[in-house]
């Protein structure tokens, strides 16, 4: 059971890293900046990990587009709430 959990966790982390790096590349920013922006919105856990079962079946391009769109939407919502 522990081995299975470790394998599942590894897959989720690997998937998140791929999504973060590919999203950063598309946005022409560093992986660190993308990570920090996603972390600020809690999208790594609330989106990439939480919906891993659904997201990992999609193409990387689709996941990247979805991640970037979601990030932009959540950042905009945060700006509007702070205004």
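Using only the alpha-carbon atoms, how far is helix 31-40 inclined from the longest principal axis of the chain? Give it as 0 to 90 degrees, nearest 10. Around 80 degrees separate the two axes. Here the Kirkwood formula puts the hydrodynamic radius of the chain at 13.2 Å, using every distinct Cα pair. Between 0 and 90 degrees, the angle of helix 60-82 with respect to the longest Cα principal axis of the chain falls at about 40 degrees.
Inter-label distance, residue 8 to residue 61: 3.2 nm, where each label sits 7 Å from its Cα along the C-beta direction. In whole Å, what is the distance between the alpha-carbon centres of segment 2-43 and segment 55-81? Here the two parts' Cα centres lie 12 Å apart.
Values quoted throughout were computed directly from the atomic coordinates according to the rules given, and no laboratory measurement underlies them. Note that the structure is predicted; figures quoted are calculated from it, not measured. Here the Cβ is made from the backbone with ideal geometry for all residues, glycine too, and neighbour counts use every protein chain on show.
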